[in-house]
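Below is one structure, written out as structure tokens; the observations come after it.
The values are calculated or read from the model by the stated rules, or taken from the named source; none is laboratory data. Model, not experiment: these values are computed from the prediction. Positions of Cβ are generated from backbone atoms using ideal geometry, with glycine treated the same way; all protein chains shown enter the neighbour counts.
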Amino acid sequence: MKNMILLCCLIFILGCNPKEKKTRVVEQYTIEQFYANTNVFGGSFSADETYLLVTSNETGIYNAFTIPVEGGDPVQLTLSDEESIFATSYFPEDDRILYSSDRGGNEISHIYVRNEDGSTEDLTPVEGAISNFGGWTRDNRSFYFISNQRDRRYFDLYLMDIETMEGRMVYENKEGLNVNSISADNRYLALVKPITTSNNEMYLFDLETEELKHISEHEGDATYSPQDFSLDNKMLYFLTDEGNEFTYLMTYNLETGEKGKIMETDWDIWYAYHSFNEKYRVVGINEDARTVIKIFDLELNEEVGFPEFEDGDITSVSISKSEKLMRFTVGSSKSPSNIFIYNFETGDYKQLTNTLNPEINPDDLVAGRVVRYPSFDGLEIPAILYKPHQAAENNKVPALVWVHGGPGGQSRLGFSSRVQFLVNHGYAIIAVNNRGSTGYGKTFYKMDDQRHGEVDLQDCIKANDFLATLGYIDTTKIGIIGGSYGGYMVMAALAFEPEAFAVGVNVYGVTNWLRTLKSIPAWWEAQREALYTEMGDPYSADSVRLYRISPLFHAGNVTKPVMVLQGANDPRVLQVESDEMVEAIRQNGIPVEYVLFEDEGHGFVKRENEIEGYGGILVFLDRYLKGEE
């Protein structure tokens, strides 16, 4: 008997697969619970540095809130329940605030003031004109803003006197130049002229003499991005990838014209700026789909040590005018970003927000993991993989290939309620950074120029082969999902490679490139030629190729169920794009679900719409991908 028991135990042990991991039972949360998370961002210090001005969707729509630096409940400052409001800045010497808002997501934003008594005023009321904040002057008497009120095609620079609230033009932009930076003495402008998406030129404009100086003469493609001027007005700090795969930080001497390299890494430096009195330099690096921030104490000539967080990264910072305090945010793929305050003198820090819905156990969420796989031509494609807790070789799950917007763009290791909701309900997700994505060098970025819907689409399709190697994916149940350019990739996959995916979810995606490129908003005029160079000119022989890669004209090939989501006020991808695509697919007898929001634009920002639209995605996938009724 004893030998029989040992034999049975041995058979049981040998029969176990040592690679098989037990799945963990997780609670599944509703779409309402996931969108009860709070999205809060920004952080302008009040004049006395006792409050932070932030933007939050705590009420279901974005409004301006203030949070005590010492901790405490946020106080709502604006009370909009129809239009999203985005906080911009406290006034430099009082508790008035600036904020911006458009109408229903049409991207025609105006600048507003909220006075201390709660009253508000539109400071840039010109109908149909966009106005964006450009920074305060150092004497605290004015702020800069750019606006296309003179000519809808170009943005001029204005100065707004905060006593009279009257603006005057200080730079008239007749040549399609973008104002990137303004010197502390208000004399110099750093300007950029777009040529292509991989090539531009940088200029210095003297407001006193009206001299325009070209300061980026170069050979081959290179990009330039002015960051800020030194306080003594002698140096311009700028980013460039001239002669390099990745962008690095440089200086330009306004007197001598000499250039000097300040910092470079093996990744793109995204941005660099200095604190108010130049005690600190802040540098943001795009390191393999995550943000790495470094702060340098220029007086001590050393890097500032940051607090470390086991389950999150510091993703953004802003330093108070006194340079004693810093607002920073911490987030991860498992947690929405939270705001902290750091004291440079003591090294102490404090968390000010708790943005994850307390009904959600963070252990039930999934951390994204950077992976790489070979494409059809051997090119290595980076991606972010989310594996559901319940997935295993004996419990295979369906999967979604997730495609980001663009052209350009990048899927990153940040929190998404939409991603976590679908993963929580048993869908593996691989967020692909196909060729043409930013963050992986300029050669990789240019690889899809005028090859859109072809090589980049194959990169997404080859993700299927990678998913098949994982062992826990049901390879008969792989769908594709994406927004904007990613939505185009969804429709391209279903029209040009109809057997590659079982379903598609198109979120405001382009379907007719000829129309989209001809209907570019007027305010994109400076970038129009650059976009035409990358995508193709619809008024030229390129139109043949643009027709060929537009899914609308090949809708007869679509054989798999599709869900389409669209905002009626979208100025980038017009509603007619989705209307016509949906109608064309329905003529095939293919199931199509169409969700149209009358009060949204290019991206949904109202919680009730997010719940309806993104909750509907799960219902659609459960029916047509999982096969559940």
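For beta carbons closer than 6 Å, sequence separation of 6+ or different chains, a first residue in the range 536-557 that is under 18 Å from Glu577 (Cα atoms) and among the polar types (S, T, N, Q) and a second that is surrounded by 15 or more Cβ atoms within 10 Å (Cβ to Cβ) and at pLDDT below 95, there are no qualifying pairs. Would you check which residues across the range 395-409 are assigned to a loop (DSSP other than H, G, I, E, B) and buried (at least 21 other Cβ atoms within 10 Å of the Cβ) and list them? Answer for the range 395-409, where residues must be assigned to a loop (DSSP other than H, G, I, E, B) and buried (at least 21 other Cβ atoms within 10 Å of the Cβ): His404, Gly405, Gly406. Restricting attention to the range 166-186, the residues that are crowded, with 20+ Cβ neighbours inside 10 Å and free of Cβ contacts under 8 Å to residues at least 24 places away in the same chain total 1.
Scanning the range 150-188 for residues being over 25 Å from Thr240 (Cβ atoms) and not in a loop (DSSP other than H, G, I, E, B) gives a total of 12. The criterion of at least 3 residues that are basic (Lys, Arg) is met by none of the helices (runs of 4 or more DSSP H) falling completely within the range 530-629. Against the list (1) buried (at least 19 other Cβ atoms within 10 Å of the Cβ); (2) within 30 Å of Ser543 (Cβ to Cβ), the condition Tyr427 fails is (2).
Listed here are the residues, each with its yes/no results for (1) among the β-branched types (Val, Ile, Thr); (2) within 21 Å of the chain's Cα centre (by Cα); (3) more than 21 Å from Met165 (Cα to Cα).
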{"residue": "Gly43", "(1), (2), (3)": "no, yes, yes"}
{"residue": "Thr59", "(1), (2), (3)": "yes, no, yes"}
{"residue": "Phe86", "(1), (2), (3)": "no, yes, no"}
{"residue": "Phe91", "(1), (2), (3)": "no, no, no"}
{"residue": "Glu107", "(1), (2), (3)": "no, yes, yes"}
{"residue": "Val113", "(1), (2), (3)": "yes, no, no"}
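Of all residues in the range 493-525, count the ones that are among the small types (Gly, Ala, Ser), crowded, with 18+ Cβ neighbours inside 10 Å and out of contact with any Asp or Glu (no Cβ under 9 Å at 6 or more places or on another chain).
Step one: list which residues in the range 493-525 are among the small types (Gly, Ala, Ser), which gives 493, 495, 500, 502, 504, 509, 519, 522.
Restricting the remaining residues to those that are crowded, with 18+ Cβ neighbours inside 10 Å gives 493, 495, 500, 502, 504, 509.
Then drop every residue that is not out of contact with any Asp or Glu (no Cβ under 9 Å at 6 or more places or on another chain), which leaves 493, 495, 500, 502, 504.
Summing the residues that are among the small types (Gly, Ala, Ser), crowded, with 18+ Cβ neighbours inside 10 Å and out of contact with any Asp or Glu (no Cβ under 9 Å at 6 or more places or on another chain) in the range 493-525 gives 5.
Kindly provide the set of residues from the range 13-62 that are under 30 Å from Tyr614 (Cα atoms), of a type in the set (A, V, I, L, M) and modelled with pLDDT of 95 or more, ordered by number. Ile31, Ala36, Val40, Leu53, Val54, Ile61, listed by residue number.
If you filter the range 260-275 down to residues that are more than 20 Å from the chain's Cα centre (by Cα) and in a loop (DSSP other than H, G, I, E, B), you find that the one that is surrounded by the fewest Cβ atoms within 10 Å (Cβ to Cβ) is Asp266. Within the range 535-548, being closer than 20 Å to Gly176 by Cα and touching a Gly at 6+ places or on another chain (Cβ under 9 Å) holds for no residue.
Scan the range 502-531 residue by residue and report those that are of a type outside the set (Gly, Ala, Ser), in contact with a strand residue (DSSP E or B) (Cβ under 8 Å, 6 or more places away or on another chain) and closer than 25 Å to Thr559 by Cα.
At the first step, the residues of the range 502-531 found to be of a type outside the set (Gly, Ala, Ser) are 503, 505-508, 510-518, 520-521, 523-525, 527-529, 531.
In the following step, the residues that additionally are in contact with a strand residue (DSSP E or B) (Cβ under 8 Å, 6 or more places away or on another chain) were identified as 503, 505-508, 523, 525, 527, 529.
Scanning the range 502-531 gives Val503, Val505, Asn506, Val507, Tyr508.
Give the residues of the range 276-288 that are in a strand (DSSP E or B) and among the hydrophobic types (A, V, I, L, M, F, W, C), sorted by residue number.
Val282, Val283, Ile285
Can you name the residue in the range 279-335 that is charged (D, E, K, R) and in contact (Cβ under 8 Å) with a residue 60 or more places away in the chain and, of all such residues, is farthest from Leu365 (Cα to Cα)? Step through it out loud before you land on a result.
Within the range 279-335, the first condition is being charged (D, E, K, R), and the residues that meet it are 279, 281, 287-288, 290, 294, 297, 299, 302-303, 308, 310-311, 313, 321, 323-324, 327, 334.
Subset that is in contact (Cβ under 8 Å) with a residue 60 or more places away in the chain: 288, 290, 313, 321, 324, 327, 334.
Working: Asp288: 22, Arg290: 18, Asp313: 17, Lys321: 38, Lys324: 36, Arg327: 26, Lys334: 6 Å.
Out of the qualifying residues, it is Lys321.
If you check Glu345, Glu299, Glu278 for being over 21 Å from Asp228 (Cα atoms), out of contact with any strand residue (DSSP E or B) (no Cβ under 8 Å at 6 or more places or on another chain) and either surrounded by fewer than 16 Cβ atoms within 10 Å (Cβ to Cβ) or at pLDDT 95 or above (or both), only one passes: Glu345.
Just one of the numbered conditions (1) among the acidic types (Asp, Glu); (2) in contact with a Lys or Arg (Cβ under 7 Å, 6 or more places away or on another chain); (3) closer than 30 Å to Asn148 by Cα is not true of Asp474: (3). Of the candidates Phe344, Phe415, the single residue that is assigned by TED's automatic domain parsing to the domain that holds Arg528 and among the aromatic types (Phe, Trp, Tyr) is Phe415. Among the residues here, Gly368 qualifies as within 27 Å of Leu467 (Cβ to Cβ), crowded, with 19+ Cβ neighbours inside 10 Å and in contact (Cβ under 8 Å) with a residue 12 or more places away in the chain. The residues of the range 419-444 that are out of contact with any Cys (no Cβ under 6 Å at 6 or more places or on another chain), closer than 13 Å to His404 by Cα and not in a loop (DSSP other than H, G, I, E, B), listed by number, are Val419, Ile429, Ile430, Ala431. The set of residues from the range 187-238 being of a type in the set (Gly, Ala, Ser), within 15 Å of Tyr252 (Cα to Cα) and surrounded by 17 or more Cβ atoms within 10 Å (Cβ to Cβ) comprises Ala190, Ser216, Ser225. Scanning the range 303-332 for residues that are hydroxyl-bearing (Ser, Thr, Tyr) and more than 21 Å from Trp270 (Cβ to Cβ) turns up Ser320, Ser322. Scan the range 219-227 and tell me whether some residue there is in contact (Cβ under 8 Å) with a residue 24 or more places away in the chain, assigned to a loop (DSSP other than H, G, I, E, B) and among the hydroxyl-bearing types (Ser, Thr, Tyr). So far as the range 219-227 goes, yes, one or more of its residues are in contact (Cβ under 8 Å) with a residue 24 or more places away in the chain, assigned to a loop (DSSP other than H, G, I, E, B) and among the hydroxyl-bearing types (Ser, Thr, Tyr). Select from the range 78-107 the residues that are in contact (Cβ under 8 Å) with a residue 40 or more places away in the chain and more than 21 Å from Ser318 (Cα to Cα) and list them in ascending order. Hits for the range 78-107 are Thr78, Glu82, Ser84, Asp102, Arg103, Gly104, Gly105, Asn106, Glu107.
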